Amino acid sequence: MSKGDLNLAVIGGDGTGPEVTAEAIKVLEVVSNLEGFSYKTTDLNYGSQYYLETGKIMPEDAIDRLKTFDAIFLGAVGHPDIQPGLIEKGLLLTLRFELDQYVNLRPVKLYPGVETPLAGKGPEDIDFVVVRENTEDLYCGIGGTMKKGTPDEVATQTAIFSRKGCERIIRWAFEYTRKRNNPKGKRLTLVAKKNVLTFGHDLWDRTFQEVAKEYPDVEADYNHVDACCMWMVKNPEYYDVIVTTNMFGDIITDLGAMIQGGMGVAAGGNINPDAGGVSMYEPMGGSAPKYTGQNVINPIAAIGAMGMLLEQSGYETAGKRVMQAIEKVTGTNMKSQAAGKMGYGTTEVGDLVVAAL
Ligand code: IPM
Ligand code: MN
């Protein structure tokens, strides 16, 4: 597809974020040569470092500046000297909302050679994708408290769901399922709790049923979220693509990360698929301060996030090549996906992926 200059903003972030980011860029360098496209990266020090120096998480013009890039690569945020949640909210959630990255794409794929805690399950059983809504629900920060700090304290936290918000993500998920074209059959499962959330999830359900009519080739399926947690452990091979709300998606994607071998391998994309939209890709593991600077953290998730970035940004063959190289390395070289137990250092795993390319 497009073969222009891929213009990337890189927020390496905190802890081990910059280390894994460096390996992802190393892989980008090689695959761009192989595939014959050029790229440019701009390092941005937004996040904890910027906060400790200036008291702000990002400069005033950050959003406008980020809008000028083709995509954003984010290493990790979270600093032991800063109260938990501050940078996550001020950076990650702010970017998701301000850049309207309404798709949170989270593949749950067990790479060859990677251990899963699910007994008797292998790579052919654990290969599905969660499409999480990324801009609504309990994440809006709507609510308040009364009589705070007293025994009579009351708090509200409101989930919002809009027709526009659920329709656009549901439609995107149907398109994605169609394109993914699972040889075992195309199935999109709506995961919600319509038996209890009889307003918000009823809106989701009705919208899902309506949009489904436009996709007769895709099986439109429904699971309650609690049952989905059960099936993800018992029968993960059932799933092809899941579409779900922001809060439920947050929870089930951590379960997904565990069954695919842990935070060292799980990657995600925060995508604004509209024309001119700027998307952000990230490994799911946090900043892991205790492993910082030791060359022991697993860069596979970050390299996978780069593969996703390429696939979603018009460099599909490059992205696929990266994913295949990852599978080769997990399948033939790495002893484990856990930090310090890989049998290689962080940079060596990056070199192995490069060699596999
Ligand atoms: C995720 C994370 C974030 C979320 C946190 C860091 C705010 O857990 O990307 O899943 O809850 O969405
Ligand atoms: Mn999460």
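The values are calculated or read from the model by the stated rules, or taken from the named source; none is laboratory data. Here the structure is a predicted model, which means the values were calculated and not measured. Don't worry about glycine lacking a Cβ; one is built from the backbone with ideal geometry, like all the others, and counts go over all protein chains shown. What goes into the accessible areas is simple: the full protein's heavy atoms, side chains included, and nothing from ligands, DNA or RNA. Shrake-Rupley method; radii C 1.70, N 1.55, O 1.52, S 1.80 Å.
Please list, in order along the range 104-110, the HN-Hα scalar couplings obtained from phi with the Karplus expression 6.51 cos²θ - 1.76 cosθ + 1.60 (θ = phi - 60°), rounded to whole Hz, x for Gly and Pro.
10, 9, 10, x, 10, 10, 7
Under 5 Å between amide hydrogens, which residues at least 5 positions from residue 140 or on another chain qualify, with H placed 1.01 Å from N in the peptide plane?
Amide H to amide H, under 5 Å and 5 or more residues apart or across chains, residue 140 pairs with 160.
Which value in deg cm²/dmol, rounded to the nearest 500, describes the helix-derived mean residue ellipticity at 222 nm for the chain, given -39,500 (n - 2.57) per DSSP H run of n ≥ 4 and division by the residue count?
Values: 11 runs with 132 residues, N = 357.
The helix-only estimate for the chain comes to -11500 deg cm²/dmol at 222 nm.
Just want to confirm a number: the relative contact order over the chain, from Cα pairs under 8 angstrom separated by 6+ residues, in percent.
24 percent
Decide, for the range 116-260, between rounded, prolate and oblate: order the square roots of the alpha carbon gyration tensor eigenvalues as a ≥ b ≥ c, take rounded if a/c falls under 1.5, and otherwise choose prolate if a/b is larger than b/c, else oblate. Mind showing how you got there, number by number?
Working: a/c = 2.65, a/b = 1.48, b/c = 1.79.
Judged from the Cα gyration tensor, the range 116-260 comes out oblate (a/c at least 1.5, b/c at or above a/b).
Taking the DSSP beta bridges in the chain as the whole, what percent of them are antiparallel, to the nearest 5?
Approximately 45 percent, going by the DSSP bridge assignments.
Taking all protein chains together and a probe of 1.4 Å, list 231, 204 from the most accessible to the least accessible.
Values: 231 85, 204 0 Å².
Most to least solvent-accessible, the answer reads 231, 204.
Return the single residue from 135, 245, 42 with maximal mean-square fluctuation; model: Gaussian network over the chain, springs between Cα atoms under 10 Å.
Result: 42 has the largest fluctuation of those listed.
For the pair residue 324 and residue 247, how long in nm is the line joining their label points, each one 7 Å along Cα→Cβ?
4.4 nm
Springs between alpha-carbon pairs under 10 angstrom, Gaussian network model over the chain: which of 107, 18, 117 fluctuates most?
Maximum fluctuation in the GNM of the chain, among the listed residues, is at 117.
Test of the criteria: in the range 54-91, which trypsin sites (Lys or Arg not before Pro) are in a DSSP loop and have at most 16 other Cβ atoms within 10 angstrom of their Cβ? Before the final figure, lay out the partial values.
Values: sites: 56, 65, 67, 89; in loops: 56, 67.
Here the trypsin sites (Lys or Arg not before Pro) that fit, given the DSSP loop and packing criteria, are 56, 67.
Mind putting a number on the dipole of the chain about its Cα centre? Charges go on the C-beta only, +1 for Lys and Arg and -1 for Asp and Glu, and I need it in Debye to the nearest 20.
It comes to approximately 500 debye.
Mind listing the phi-derived Karplus ³J(HN,Hα) values for the range 129-141, rounded to whole Hz, using 6.51, -1.76 and 1.60 with θ = phi - 60°, and x for any glycine or proline?
Karplus-based 3J(HN,Hα) across the range 129-141 equals 10, 9, 10, 9, 5, 10, 9, 10, 6, 5, 6, 6, x Hz.
Once you've got the GNM for the chain with C-alpha springs shorter than 10 Å, pick whichever of 302, 318, 227 has the biggest mean-square fluctuation.
Taking springs between Cα atoms under 10 Å, the residue moving most is 227.
In the range 212-268, which GluC sites (Glu not before Pro) are in a loop and have at most 13 other Cβ atoms within 10 Å, using DSSP for the loop call?
Answer by residue number: 214.
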